[in-house]
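Following: one structure in structure tokens, then a few remarks.
None of the figures in this text is laboratory data; all of them are computed from the coordinates on show. Predicted, not measured: the structure shown is a model, and the values here were computed from it. Cβ: placed from backbone, ideal geometry, glycine included. Neighbour counts: every protein chain shown.
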Amino acid sequence: MERLVALAIVFALAALAGCASSPAHFYTLSATAPTSTAASKIAVAVGPVSVPAAVDRPQIVVSTSANQVTVDDFNRWASPLQDNLARVVAENLVALLGTPRVTLFPQTLGAEADYRVQIEIRNFESVPGKSAALDAVWTVRRTRDGKTETGRTSAREVVDGNGYEALAAAHSRGVARLSRDIADVVRTMDGAAR
């Protein structure tokens with residue numbers, strides 16, 4: 001009987017030790033684009049945004065070599081990556097275009113938008129302490145006449161530190177570059193339409 005009690009205590013302690021493992025940490029991307037001094041009334045709907053299946057998960061996927069990745073169970077995105085990317089691009093476009101009329105598609109169904117932006121992230125690479133990279137193909141469509149412009153943005157940012165917070169900040173800078181490229185095309189298309 002004593003042996004069973006001792007064994008039960010050992011299992012209970014092992015279970016408690018498992019519960020005491022490191023807690024998960026959650027990260028988000030942030031808008032970092034500078035605010036435009038010019039105001040406009042352009043309305044833009046952002047979305048959908050797609051991401052590669054390999055990174056379409058709550059855990060941050062870390063590249064360990066050219067052909068290998070690791071899924072980090074304790075460092076996670078606070079929201080689905082495609083939602084996080086769409087939100088940050090929208091916030092950056094508000095600042096870059098000087099308009100509050102930037103929304104997320106399909107919440108607005110794009111009914112009132114002058115322009116709709118669709119983004120396909122083809123590569124989203126995370127190497128803590130080294131680099132954050134994204135490669136995206138995007139399309140801006142003017143809703144009035146259906147005219148479209150397609151572009152590609154490739155960004156590789158140096159990670160300023162070893163932690164995941166620095167990695168998320170580097171990805172945020174890459175998303176700001178993507179947002180600038182999109183904003184430039186929206187401005188050009190809008191100027192040509194006037």
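Counting Lys and Arg as +1 and Asp and Glu as -1, what is the net charge of the other residues whose Cβ lies under 10 Å from the Cβ of Asp135?
Its environment carries a net charge of +1.
In degrees between 0 and 90, to the nearest 10, how far off the longest principal axis of the chain does helix 2-19 point, with axes built from Cα atoms?
20 degrees
Angle, helix 81-97 long axis vs. longest principal axis of the chain, Cα atoms, 0 to 90°, nearest 10?
Value to nearest ten degrees: 40.
Extent of region 42-193 along each principal axis, from alpha carbon coordinates, in Å, largest to smallest?
Largest first, region 42-193 extends 47, 26, 26 Å along its Cα principal axes.
Please compute the net charge surrounding Leu167, taking Lys and Arg as +1 and Asp and Glu as -1 over other residues with Cβ under 12 Å from its Cβ.
Residues near Leu167 contribute -3 overall.
Rounded to the nearest 5, what % of DSSP beta bridges with both residues in the chain are antiparallel?
Within the chain, antiparallel bridges account for around 70 percent of the total.
Mind checking the angle between helix 164-193 and the chain's longest principal axis? C-alpha axes, 0 to 90 degrees, to the nearest 10.
20 degrees
By average Cβ neighbour count within 10 Å, what is the ranking of 139-151, 42-54 from highest down?
The most tightly packed comes first, giving 42-54, 139-151.
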